[in-house]
Amino acid sequence: MRLGLSFCALLFALPIGCAPSTKNAGALKAALAAAPQSTPVQSVPSAIRGQIQALGSVPYDGFTLPIVCPDGRHFAVQLGDNIDFRIRLAQTGAAVPRARVATYRIEPSGLLRLSESDDGILLGRGASFAGCVCENPRPSGARAIGILLWGKSEPEWIVDDGRTNAFASLAPDATLAWSSRDAAGGAWSLCIRVEGNEDDIIIPAPDGASWIFPVAVNRSCVCAVLLRDGVASFACIDPSDPKAASMPPALFRISDRVDARIAFQMFSPQQGLDAVSPSGQILFFDPTSRGVRSWDPKTGAFAQLKGRSLAVSFTDPTHFAALLGGEVRVQSMADGTDVGTKLLDSVAVPRRLPSQSGAQGVLLVAPEGRTLRLAALRAVEPVKP
């Protein structure tokens, strides 16, 4: 992520059934340790006030945003120098990348590097308290999904069935959603794993279409993009309701000028904790409006976040930090005319930085060549009686 160049340039350029699973039984639960419950976001707009603390700089691949864990203590970054779009999109014939994942812990005094993975590991789209999601492309074209525990170098493989499995999203309640296809090619199916269920839910795509870039919200809500003939549409599936899950889902059109590469760019800015707003809307970058939009799975409604934000991170249910051109501001959902409070007069991607109490701070991720410079605006903790 050369954010000032590569990342921002990319943004501006732009029958259902259950099947017996070959999953390693219990591997997801073990890898997650204690699966975190949803942590309420405290409504503390005052959390945006305070001094920004410089944390330090870390190397990365020049493109990929870091993934932060749900308690704000750890994060992971992608390392490597040959990760092209064929690899990122899990296309047939893609090379096995010289890629690794490095993990860090955020200390009061700065950053502590914990580990670096083995070669061939791609950073995924989410994390738990125990580790980050990762993928392992194989020479055969197959791809496995795993959890890289914080401080470890070898992932725990949780989806490893000889197929190409990619784009995995992990919800706070350990619901896992991903796209899967035959290693030789073909359409992407949507796969959903709910902890405690014996079988994975597998939803094949209609003829000529593919399910890509799912977002696991919780065990009763998984959203994904159906891409067919350049038309991208959102759909929401309820894995907890077998009857509802057996019916074709309602589709809500996003755009009619999308291919897999544009879809990748749409979801790159909003991943992990920042993929879903505190009130449950899916957040994505719209290449048509050139700003972050939200989609409500309950109503199907789309909304444009003000200011044509390149990336956003909510600090509470009504306030969010936004990258707007060459600066970062905190803005309010309530007042459409308020330009907000300036946090930083330079380019940086805001990421959610939770605390154990649930109050949300902001991690500011600024690119400097193949280095990320990180700083934190800590949440104001609620006063204990």
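Structure above, values below:
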{"read-out": "Some residue of the stretch 162-175 being surrounded by fewer than 21 Cβ atoms within 10 Å (Cβ to Cβ) and not in a loop (DSSP other than H, G, I, E, B)", "value": "no"}
{"read-out": "Residues located in the stretch 59-103, provided they are among the aromatic types (F, W, Y) and under 16 Å from G361 (Cβ atoms)", "value": "F75"}
{"read-out": "Any chance S294 is closer than 23 Å to R219 by Cα and of a type in the set (S, T, N, Q)", "value": "yes"}
{"read-out": "Checklist (1) out of contact with any Pro (no Cβ under 6 Å at 6 or more places or on another chain); (2) at pLDDT 95 or above applied to A224, failing item", "value": "(1)"}
{"read-out": "Residue tally, condition assigned to a loop (DSSP other than H, G, I, E, B) and at positive phi, over the stretch 57-96", "value": "4"}
{"read-out": "Tabulated pairs, the stretch 284-311, first under 17 Å from A250 (Cβ atoms) and at pLDDT 95 or above, second of a type outside the set (V, I, T) and open to solvent by less than 30 Å² (accessible area, probe 1.4 Å), C-beta under 6 angstrom, 6+ apart or interchain", "value": "W295/F234; P297/C221; P297/C223; F302/W295"}
{"read-out": "Condition check for S179: closer than 27 Å to A94 by Cα, of a type outside the set (A, V, I, L, M), open to solvent by less than 10 Å² (accessible area, probe 1.4 Å) and at pLDDT 95 or above", "value": "yes"}
{"read-out": "Residues located in the stretch 105-125, provided they are open to solvent by 10 Å² or more (accessible area, probe 1.4 Å), in a strand (DSSP E or B) and within 13 Å of H74 (Cα to Cα)", "value": "R105, I106, E107, L111, L112, R113, L114, S115"}
{"read-out": "Residue ID - modelled with the lowest pLDDT, chosen from residues in the stretch 126-151 that are under 22 Å from L55 (Cβ atoms) and surrounded by fewer than 19 Cβ atoms within 10 Å (Cβ to Cβ)", "value": "F129"}
{"read-out": "S180 vs. criteria within 21 Å of the chain's Cα centre (by Cα), of a type in the set (S, T, Y) and within 27 Å of L226 (Cβ to Cβ)", "value": "yes"}
{"read-out": "Residue match in the stretch 353-369 (condition: of a type outside the set (D, E), at pLDDT 90 or above and not in a strand (DSSP E or B))", "value": "no"}
{"read-out": "Considering residues of the stretch 208-220 that are open to solvent by less than 20 Å² (accessible area, probe 1.4 Å), within 18 Å of the chain's Cα centre (by Cα) and among the hydrophobic types (A, V, I, L, M, F, W, C) only, the residue nearest to A171 (Cα to Cα)", "value": "A216"}
{"read-out": "Residue among V347, V328 that is open to solvent by 10 Å² or more (accessible area, probe 1.4 Å), among the β-branched types (V, I, T), more than 15 Å from the chain's Cα centre (by Cα) and at pLDDT 90 or above", "value": "V347"}
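One line per residue, one yes/no per condition, for (1) over 21 Å from T175 (Cβ atoms); (2) open to solvent by less than 10 Å² (accessible area, probe 1.4 Å):
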residue	(1), (2)
G196	no, no
I203	no, yes
P206	yes, no
V231	yes, no
M247	no, no
A250	no, no
R253	yes, no
I262	yes, no
Q265	yes, no
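The values are calculated or read from the model by the stated rules, or taken from the named source; none is laboratory data. Source: prediction; values computed, not measured. A quick note on method: Cβ atoms are made from the backbone with ideal geometry, for glycine too, and the neighbour counts reach across all protein chains shown. Note: accessible area is taken over every heavy atom of the protein model, side chains too, but ligands, DNA and RNA are not part of it. Shrake-Rupley method; radii C 1.70, N 1.55, O 1.52, S 1.80 Å.
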